[in-house]
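We did not get these values from a lab; they are worked out from the coordinates using the rules stated. The model shown is predicted, which means the values in this text are computed figures rather than measured ones. Don't worry about glycine lacking a Cβ; one is built from the backbone with ideal geometry, like all the others, and counts go over all protein chains shown.
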């Protein structure tokens, strides 16, 4: 077995209450690494087209990668893969916390959960005894994610659902510690199986090919990260919600259901405001992570709770026209306990508010008014009353009540908090990403409109090229499995210390903006491991990795996911953005809609797809994607 | 003619307000100068806090156009922008 892997796939049948420990397929691991890549391959091979995502035929796959179980910074994440009940396309979500560590210590690379239990159940995986206990979970059913983990024991490593997952809310997530595999409704699939929790542990140690080199390099890199302006400073000081200070003045902060990209009082939910007014502590929230982007805040009437992330302060704050940190933190805590994705939740609440404004539906909530929101969140989680409709997400809401032009989703997945009208590359990414409107399957916005380089987000330069290389890299990162935040280290510290009006900065920006072919060439080169992604993989597995290898693996994963979606009936027509993003300006006279139609043809060509967005036979052969 | 100047959190904290109107700013350079004047004796603090800040007009960075020479219209919003990261 390749080093870095435990070498085992655990296959659990909830209906039969049986389990088997089988071997990890080495060839698949070489081609797809692990995490969401290995999971996508399994899902494609295990299921036919057209299965009911909430039926017994949809497997729920928990997958780790070769970096999990090491002490590499930001490396303890797992992926969850299944067919998404929210989108009908491939579903996946990544999560920090500690479950990845527990699974790897149990000697399990991949856990496949099949079929459905007749009654609430939880699993305890004892890796050392190669045993799985099926334990009645009736006493836990209905309990929140924090309470459930507290009952199961804080020193163990769990993945659990809350009431939202139990009620199959289509944007329910799976929680580990305080982190959540939030997107695409993986928690609803877990709920459909009546699986409340999985606990994993053991004493297996990760075997590395060159542990000494790994440790020396990681020690050096850790010191470099600690000096880095983003990883070692800004994220520690203001967390992810510090990004409000960038997105708001650049008109890409969702406001009133994405109608606008700017809110005059947005700084009241910024990370800086949080640090000054409510912060009681910073923490990593993910085992072995030195970045400490997590926050603890003290909220009157609620107590000490997890501070909201950027996506949450945007979607539940400015997007609802309630830039009030107290309310957002309260709703964030509620959503976490109930086990829901705050991005989709904020989008569906914003959509309901706009429907009310237009006289199409009165769900009891309105823009700018926090009244009724907490109750509606509880109703969504338990599918009470109108909450039952909102629990199905924005796309289904628009099919029932109207409002399709301002239903803010792509492929059924609600958009995250970067308005593509002010971030063209991010718009291409939203339109083409296989799981739908998501920002962490590439994160082009960092290189385009939030990071220090500030290329022109309204030109067409690099706007098709950047998403391709970033999506490929993110696919590889999400398969190792690492945190996408490690990519922030790719821009060295000196760039952050340049004045944006300096000649050096402007020259670097101009070069980057026109670097399309060069960028692809540089990242495609298979010369030597340079960045930490390649070095860690090389030291751990003993196989040689370079930037080119990662681009190739990432492209393979992305293409397989595309083939899955095409098999499910999706077409190029699904590679689009909401009408509001395509045709409405964010600010009269300045920003028009997103020019997607000008960028998609080049994007398809770069990917080796035909004009209908179908990967050609030559592309599939080049990438060794068997379908 | 009047434009709105929007400050970063740190600038707003130093001045005690997050935004204000300025009259008579024909270009971004004028707006930045008038904003600096607002800081009075704290002008050096203004310089320190804006050294790494870009400037946008209605959400668009001026570095992609005519820079500080960018002309302003009545009702424009001139914002100081700090790079950041998150997700």
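Details
- Annotation: extensible slack from residue A:136 through residue A:216 equals 24.2 nm (criterion: 0.36 nm per residue apart, minus Cα-Cα distance).
- Protection proxy ranking, peptides A:354-362, A:556-564, average beta carbon neighbours within 10 Å, highest first: A:556-564, A:354-362
- Judged by the mean number of other Cβ atoms found within 10 Å, the most tightly packed of the peptides A:470-479, A:594-603, A:183-192 leads the ranking A:183-192, A:470-479, A:594-603.
- Using the average count of surrounding beta-carbon atoms within 10 Å as a protection proxy, the listed peptides A:421-431, A:543-553 rank, highest first, as A:421-431, A:543-553.
- Considering only the Cα atoms of the protein assembly as shown, their convex hull presents on average a projected area of 27.8 nm².
- Alpha-carbon gyration tensor eigenvalues x 5, square-rooted, for segment A:43-129, Å: 25, 16, 11
- Kirkwood hydrodynamic radius of segment A:135-205, from inverse mean 1/r over distinct Cα pairs, in Å: 12.0
- On the basis of the beta-carbon distance and an R0 of 30 Å, residue B:43 and residue A:510 show a calculated FRET efficiency of 0.45.
- For segment A:327-437, dividing the convex hull volume of the Cα atoms by the residue count gives 107 Å³ per residue.
- Label-point separation, residue A:27 to residue A:265 (7 Å along Cα→Cβ), nm: 6.1
- With coordinates expressed along the principal axes, the C-alpha atoms belonging to segment A:578-627 extend over 48, 17, 14 Å, beginning with the largest.
- Extension gain, residue A:627 to residue A:304: 0.36 nm times the residue separation minus the Cα-Cα distance gives 111.3 nm.
- In whole percents, the pair-distance distribution calculated for segment A:96-159 from its alpha-carbon pairs, binned every 5 Å from zero, is 4, 15, 25, 25, 22, 9, 0.
- In whole percents, the pair-distance distribution calculated for segment A:522-583 from its alpha-carbon pairs, binned every 10 Å from zero, is 20, 30, 22, 22, 5, 0.
- Residue A:52/residue A:18 FRET efficiency (R0 22 Å; Cβ-Cβ; nearest 0.05): 0.45
- Among the residues of B:59-69, the average count of other protein chain beta-carbon atoms within 10 Å of the residue beta-carbon is 6.
- Taking a ≥ b ≥ c as the square roots of the Cα gyration tensor eigenvalues, chain B comes out oblate, since a/c reaches at least 1.5 and a/b does not exceed b/c.
- Computed log10 I(q)/I(0) for segment A:8-201 at 0.09, 0.13, 0.19 Å⁻¹: -0.26, -0.58, -1.38, from the Debye equation with unit scatterers placed on every C-alpha and solvent omitted.
- Taken over segment A:181-282, the alpha-carbon convex hull comes to 224 cubic angstrom per residue.
- Pairwise Cα separations in segment A:241-402 fall into 5 Å bins from 0 onward with the following percentages, short to long: 2, 10, 19, 22, 19, 15, 9, 4, 1, 0, 0.
- Mean ellipticity per residue at 222 nm, deg cm²/dmol - from DSSP H runs of n ≥ 4 across chain B, formula -39500 (n - 2.57): -8500 deg cm²/dmol
- Taken over segment A:270-344, the alpha-carbon convex hull comes to 92 cubic angstrom per residue.
- Peptide A:450-460 has a mean shielding of 4, counted as Cβ atoms of other protein chains within 10 Å of each residue's Cβ.
- Pairwise label distance in nanometres, residue A:233 with residue A:572, each label 7 Å out on the Cα-Cβ vector: 4.7
- As an equivalent ellipsoid, segment A:419-532 spans semi-axes of 21, 18, 14 angstrom, where each value is the square root of five times an eigenvalue of the C-alpha gyration tensor, largest first.
- Put a dot 7 Å past the Cα of residue A:1, heading toward its Cβ, do the same for residue B:13, and the two dots end up 5.0 nm apart.
- From the largest down, segment A:423-623 spans 56, 49, 26 angstrom on the principal axes of its Cα atoms.
- Theoretical ellipticity at 222 nm over chain A - DSSP helices of four or more residues, -39500 (n - 2.57) apiece, nearest 500: -11000 deg cm²/dmol
- Between residue A:459 and residue A:115, the contour length at 0.36 nm per residue exceeds the Cα-Cα span by 118.9 nm.
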